[in-house]
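The values are calculated or read from the model by the stated rules, or taken from the named source; none is laboratory data. Small disclaimer: the values here were computed from a predicted structure and weren't measured. For neighbour counting, all protein chains shown are included, and Cβ atoms are generated from backbone atoms with ideal geometry for every residue, glycine included. Only protein heavy atoms, including side chains, enter the accessible area calculation; ligands, DNA and RNA are left aside. Shrake-Rupley method; radii C 1.70, N 1.55, O 1.52, S 1.80 Å.
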Amino acid sequence: MVVDFSTKQKAEAEASQSAATKEIVIDQATLEQMDAGSLWHALVQHKPFAQTPPKCIKSGTGCYVTDSNGDEYFDGVSGLWCVNVGYGRQELADVAYEQMLNWSYSPLTMSHEPGIRLAHKLLELLGYEGKVFFSTSGSEANETAFKVARQYHAQTAAAGAGPRYKFISRYRGYHGHSMGALSATAQAERKLKYEPLVPGFMHVNPPYYYRFGDGLSEEAYTARLLQELEMTVRYEGAESIAAVIVEPIISGGGVIVPPDGYLRGVREICDRTGILLIYDEVVNGFGRTGQMFGHQHWGVAPDIITFAKGLTSGYMPLSATVVKQHIFEAFLDEPQPGEKSDRHFRHISTYGGTPVCTAVGLRNIEIVEREGLAEQAAEMGDYLLTRLKELLLEHPNVGDVRGKGLLLGIELVTDKESKTPLDDASIAAVMKHCLDQRVMIGRNTNTIPGFTNVLIICPPLVITRAEADRLADTLHQSIFSLSGT
Ligand SMILES: Cc1ncc(COP(=O)(O)O)c(C=O)c1O
């Protein structure tokens, strides 16, 4: 029998077309039933969904998303802090489509052009020599960093030295959901009922001047924090510590910008003690804070850096762990014939750095650069911060308005003097008021017990001045809808 491939392909195309059409015509009520019967949503209690199903988003353009009722919302949190270039970018869809047809998959035990080009681009932007290891999520990028750090020390240690296996992170910091990354996360509500976690992770205080500055100058407060870190290192034994991990600006922990000398001081302690410094730039990276990378505000380089979210603006799952060259070189070996070596990095992520994800990442960075989105974030962020301070700080429940670029936080308190965190119901009311005005904002939910009182503003970097005004005005109305007691 002669098979007519063109007829077969046409029939397949028609079948898939009608399957797609069939999916599109599922009505909303049926979809909601299917949702209730099958989909486990992140970070939320499901019981209330029996009354109010979760919002079902259907489409998005620029800073806006539209739900199944046709209501359009301004997305003030960029999805989950990730859609830096905004929604609906045709060229990212085109790049993915072309790459899928051309070459969809090979593991990075081998190589492919989009992966090579993206790795090269990241190092070019960072301005140093090194190597890039791709994974699929921020958590995985941090897990990769932890394994690199331990193995690096194991392979460079003096004879007889014990393992450097411990990690220091800061309270309030979030570094991911997997067991290692969650161990580095120092937010008790995220860990509750999953402990015990991985041994060897410890925490120090974050640079949280608003709440703990205690009337000190920023310099004196920074010195106090650095002394605490130094003493932790000493008490634990520097020779047992692999790395310190920090977000340059803490994001999910409540948008905490460090005082100017802080990162430099951490770097100096690490240098003196042989501890590696890891920057988690999963949120900070790719223009979010008004520089391409958050740490560039202070000009202090890390040993290892992790990226995700803004790396593809959420269009594809991709993350990266970038190590400096001297670290990579500790993984090199030339075993003699018949000898077995285990110095190489024995780590792989099936979907880490696929041709499609890396091609999209590359084009996404091209957009950030071409459209000057880091500069736009700096300009619009300054504008929004100033507006929010002018509009909000006079309200008795607004303790602090802070941030850098388009990573902003509003800390709500019962009164400015005591700084007691505002109650949950009032904060929820502010968020609902914003939502009723079709503006979505974020909050540090399920993080620090008793301190989930920071509203988070993190819009796509393409936000215009008019949209910034709308955001500020909505926040103003919503916060002033509180009685102020
Ligand atoms: C600072 C930081 N690091 C790591 C992660 C984990 O990233 P992912 O959710 O992609 O695993 C997040 C996620 O929000 C984050 O905010």
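Against the condition in contact (Cβ under 8 Å) with a residue 12 or more places away in the chain and away from the ligand (no atom under 16 Å from the Cβ), how does K58 come out, does it pass? Don't jump to the end; show me each part of the working.
Values: in contact (Cβ under 8 Å) with a residue 12 or more places away in the chain: no; away from the ligand (no atom under 16 Å from the Cβ): yes.
Answer is no for this residue.
Against the test of being within 16 Å of the ligand (Cβ to nearest atom), exposed (fewer than 13 other Cβ atoms within 10 Å of the Cβ) and more than 30 Å from F328 (Cα to Cα), the options H46, H41 yield a single qualifying residue, H41. In the range 67-90, the residues that are open to solvent by 50 Å² or more (accessible area, probe 1.4 Å) form Cβ pairs under 8 Å with partners that are assigned to a helix (DSSP H, G or I) and modelled with pLDDT of 95 or more, at six or more places apart or across chains, as follows: L80/K309. Residue check: is L92 within 23 Å of the chain's Cα centre (by Cα) and among the aliphatic types (A, V, I, L, M)? Yes; evaluated as a whole, the condition is true for this residue. Among the numbered conditions (1) within 15 Å of P459 (Cα to Cα); (2) out of contact with any strand residue (DSSP E or B) (no Cβ under 6 Å at 6 or more places or on another chain); (3) open to solvent by 10 Å² or more (accessible area, probe 1.4 Å), the only one that G403 does not meet is (2).
A residue that is without any contact (Cβ under 8 Å) to a residue 12 or more places away in the chain and either buried (at least 23 other Cβ atoms within 10 Å of the Cβ) or outside any loop (DSSP other than H, G, I, E, B) (or both) occurs somewhere in the range 436-450. Within the range 289-309, restricting attention to residues that are over 19 Å from R267 (Cα atoms) and away from the ligand (no atom under 11 Å from the Cβ), the residue that is most open to solvent (accessible area, probe 1.4 Å) is Q291.
Quick check on R170: is it modelled with pLDDT of 95 or more, in contact with a Pro (Cβ under 6 Å, 6 or more places away or on another chain), over 25 Å from A359 (Cα atoms) and surrounded by 22 or more Cβ atoms within 10 Å (Cβ to Cβ)? Against the criterion (modelled with pLDDT of 95 or more, in contact with a Pro (Cβ under 6 Å, 6 or more places away or on another chain), over 25 Å from A359 (Cα atoms) and surrounded by 22 or more Cβ atoms within 10 Å (Cβ to Cβ)), R170 qualifies. Only strands (runs of 3 or more DSSP E) whose full extent lies in the range 258-376 are considered here, and the ones with at least 1 residues that are polar (S, T, N, Q) and more than 17 Å from A243 (Cβ to Cβ) are 319-324. For the range 302-322, the candidate set comprises residues that are in contact with an Asp or Glu (Cβ under 7 Å, 6 or more places away or on another chain) and among the polar types (S, T, N, Q); within that set, the residue that is nearest to V85 (Cα to Cα) is S319. Residues of the range 121-144 that are within 16 Å of the ligand (Cβ to nearest atom) and either of a type in the set (V, I, T) or over 21 Å from M316 (Cβ atoms) (or both): T136, T144.
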